[in-house]
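In what follows, a structure is listed as structure tokens, so that the remarks can point back to it.
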Amino acid sequence: MPYGYTPFLHREGGIMAAGLSAYSDLIPFVMARAPSDVSAGMRLRSVHAGTRRFLIDTTLWREDLEPNNLDTDELEYTLATVSASEADILKIIKVFFRTAAEVAASEDGTEQSLNGVSYDPASGNLALPAYPASDVTDGLLVKAALVPKLNPTKELPAWVLNRFHEAFVASALVWLCGNKRKPYYDADVFKDASAEYRRLVAYWTRDMQMGRMDGSLLAQPGWSFV
């Protein structure tokens, strides 16, 4: 964290130690701030919703997808995530063409322009603007931003959960305590958590833009602050 930065989770004892492995590990930190009568189901739901919101807003969960075979007769390729977690592809970040030698060496290959490249979430198909020049087994490598499914039954990768845990908790609190029409509305918690969420989105945006993470990011918080 940058010098002088003091998130409210740190002030409350926080979760600096991390070592988290499951969505449910975040619940005690949500409940340290949320109303005590939140049901067990809503506690977990808030964590799921908060996690998903932050990763949509920032595109920070990025992984290489399963490689595809380059085919000189194919423009469309069905993409699949490598992650053991349940995830949807949110955004295509980079596309690479690899030679057989680059595949054997586990290299990325040559980055392609994204102009004319399109992705259809419904079919899972990536469409290229032109046919590849040669057939290469596992020659198409795609790096993508991922987002958890709405009702996940599998956990996030540990690196995602631990790196962004504070933002997930702040986002969960905004979701849980920020709706005046819901029984768990709490103006003070909402105010603190929404400010914290904005700070963390801004922090990770700067981190991305300064080159400490792969790709580029122009993020705006997606919660509706009421």
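The values are calculated or read from the model by the stated rules, or taken from the named source; none is laboratory data. Everything numeric here is computed off the predicted structure, so don't read it as measured data. Here Cβ is always computed from backbone atoms with ideal geometry, including for glycine, and neighbour counts include all displayed protein chains.
From (1) of a type in the set (Val, Ile, Thr); (2) in a loop (DSSP other than H, G, I, E, B); (3) closer than 14 Å to Phe168 by Cβ, pick out the condition that doesn't hold for Ile27.
The one condition Ile27 does not meet is (2).
Mind listing whichever residues of the stretch 171-184 are surrounded by 15 or more Cβ atoms within 10 Å (Cβ to Cβ) and either within 12 Å of Asp37 (Cβ to Cβ) or in contact with an Asp or Glu (Cβ under 9 Å, 6 or more places away or on another chain) (or both)?
Within the stretch 171-184, Ser171, Leu173, Val174, Leu176, Cys177, Gly178, Tyr184 qualify.
For the subset of the stretch 37-86 comprising residues that are small (Gly, Ala, Ser) and free of Cβ contacts under 8 Å to residues at least 60 places away in the same chain, which member is surrounded by the most Cβ atoms within 10 Å (Cβ to Cβ)?
Per the stated criteria, the residue is Ala80.
Residue by residue through the stretch 87-106, note down the ones that are touching a strand residue (DSSP E or B) at 6+ places or on another chain (Cβ under 6 Å) and either without any contact (Cβ under 8 Å) to a residue 12 or more places away in the chain or closer than 30 Å to Leu161 by Cβ (or both).
Selection gives Ala87, Asp88, Ile89, Leu90, Lys91, Ile92, Ile93, Lys94, Val95, Phe96.
If you go through the stretch 147-156 one residue at a time, do you hit one that is β-branched (Val, Ile, Thr), modelled with pLDDT under 95 and under 30 Å from Tyr77 (Cα atoms)?
yes
Could you go through the stretch 22-29 and let me know if any residue there is modelled with pLDDT of 95 or more and of a type in the set (Asp, Glu).
The answer is yes; a qualifying residue exists.
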